[in-house]
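The values are calculated or read from the model by the stated rules, or taken from the named source; none is laboratory data. Quick caveat: nothing in here was measured; it's all calculated off a predicted structure. Here the Cβ positions follow ideal geometry from the backbone for every residue, glycine too, while neighbour counts run over all protein chains shown. Ligands, DNA and RNA are stripped out before the accessible areas are found, and what is left, the full protein with its side chains, is counted by its heavy atoms. Shrake-Rupley method; radii C 1.70, N 1.55, O 1.52, S 1.80 Å.
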Amino acid sequence: MQTPGTLHVVATPIGNLGDLSPRALEVLRTVSAICAEDTRHTRQLLAHFGLERPLLALHQHNEDAQAEQLVARLQAGDSLALVSDAGTPLVSDPGFRLVRAARAQGVRVSPVPGACAAIAALSVAGVPSDRFVFEGFLPAKGGARRDRLEQVAAETRTLMFYEAAHRIEETLADMATVFGAERRAVLARELTKLFETVLDGSLSDLRARVESDPNQRKGEFVVIVEGAGEDADARIREGRRLFAKLGEYLKPSQAAKLAAELSGAPRKALYQASGDVD
């Protein structure tokens, strides 16, 4: 009976190529093929280290279709590596369907740990790190993005997000509105790369710094926001008090927006108190 191969889930650098581990190099050198999110990107990485292996495209658009064939190869004895464009696969990247399919067929899945932008940012943020929530990328459209932020506004654990350069200003503005302008946050940009920066301060401070400096609107971002803390209930109570008072003079949507900005309470919590909807 043929012994199945192993699916190696290999973390690759998020910037500095020196962060690729010796074990990762050995795995990439010896597997039958490498499943890559973008084969062009991975080919450049391999070339830098003098490696040449067969590459198979595996991304969000073909993963369901490819998983069965790849598992068949693993069952036939081939060992494969799974990589993303940067960092640890499956963390806001494709791959979980293949991993799930392999495990369901009894194929060994082995992690080869390494860089992860979210964890790297958390390690230098100086915020509570014993408990945290990773939200990945927020929705691209403003309304959906604000709705998602409302859902986690009262979360007491540290919040972690990924964001793209062309949306970072809008996202920081929405966070200041939903979480409160004074909520403490950290903006980590281009980690491990030449222009790495880690900024901290209130959401309003970070928003102002990004708006005033074009260089801070370039690259790849991790946004870390402190949790609501033990005073979350007090902020909601204050927000509801303000909402009720402002509602005497303003439309519910206007009253909620202003009350949320002043109190730091999530807008949805204010609506829930009155039964109004936006």
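Of the three principal axes defined by the Cα atoms of the chain, the extents in descending order read 76, 39, 31 Å. Among the listed pairs Lys141/Lys193; Lys245/Lys268; Lys218/Lys257; Lys141/Lys257, a Cα-Cα separation exceeding 26 Å is found for Lys141/Lys193; Lys218/Lys257.
Note on exposure: Thr88, Thr3 ranked by accessible area (1.4 Å probe, complete protein assembly) read Thr3, Thr88, with the most exposed listed first. Ordering of 168-174, 40-46 by packing is 168-174, 40-46, highest average first (other Cβ atoms within 10 Å, averaged per residue). For Arg108, nonlocal amide neighbours, meaning residues 5 or more places apart or on other chains whose placed amide H falls under 5 Å from its own, are Leu7.
Each Lys or Arg adds one and each Asp or Glu subtracts one; over the other residues with Cβ under 14 Å from the Cβ of Asn16, this totals -3. Once the convex hull of all Cα atoms in the stretch 1-66 is built, its volume per residue stands at 106 Å³. Only the Cβ atoms of Lys and Arg (+1) and of Asp and Glu (-1) were treated as charged; on that basis the dipole of the stretch 164-278 about its Cα centre amounts to roughly 260 debye. Which angle from 0 to 90°, rounded to the nearest 10, does the C-alpha axis of helix 39-48 make with the longest principal axis of the chain? Helix 39-48 sits at roughly 70 degrees to that axis.
Summing +1 for each Lys or Arg and -1 for each Asp or Glu among the other residues whose beta-carbon sits under 12 angstrom from that of Pro4 gives +2. Using 0.36 nm per residue and subtracting the Cα-Cα separation, the extra length available between Leu199 and Ser253 on full extension is 16.2 nm. Toward the positive end of the charge dipole of the chain, with +1 on the Cβ of Lys and Arg and -1 on the Cβ of Asp and Glu, the farthest Cα among Ser202, Ala11, Leu98 is that of Leu98.
Is there a quick way to get the dipole size of the chain? I mean about its Cα centre, with the Cβ of Lys and Arg at +1 and of Asp and Glu at -1; what is the value in debye to the nearest 20? About 300 debye. For the pair Arg29 and Asp130, a Förster radius of 41 Å applied to the C-beta separation gives a FRET efficiency near 0.65, rounded to the nearest 0.05.
Only bridges with both residues in the chain count here: give the DSSP antiparallel percent, nearest 5. Of those bridges, close to 45 percent are antiparallel.
One compactness figure for the stretch 122-217 is 1.02, namely its Cα radius of gyration divided by 2.2 N^0.38 Å. Size check on the stretch 63-167: the Cα extents along the three principal axes, sorted descending, read 49, 31, 25 Å.
Once the dipole of the chain is set up with Lys and Arg at +1 and Asp and Glu at -1 on Cβ about the Cα centre, which of Leu58, Gly227, Met175 lies farthest towards its positive end? Towards the positive end, the residue furthest out is Leu58. Against the chain, whose longest principal axis is taken from its Cα atoms, helix 168-179 shows a tilt of about 50°. The length gained on full extension between Ala244 and Thr3, counted as 0.36 nm times the residue separation minus their Cα-Cα distance, comes to 79.9 nm. Peptide packing for 209-216, 110-117 was compared via the average number of neighbouring C-beta atoms within 10 Å per residue; ordered from the highest value, the list is 110-117, 209-216. Accessible surface comparison of Glu150, Glu182, Glu220, Glu196, probe 1.4 Å, protein chains only, largest first: the order is Glu182, Glu220, Glu196, Glu150. What angle do you read, to the nearest 10 degrees and between 0 and 90, between the alpha-carbon axis of helix 203-212 and the longest principal axis of the chain? Orientation of helix 203-212: about 70 degrees from the principal axis.
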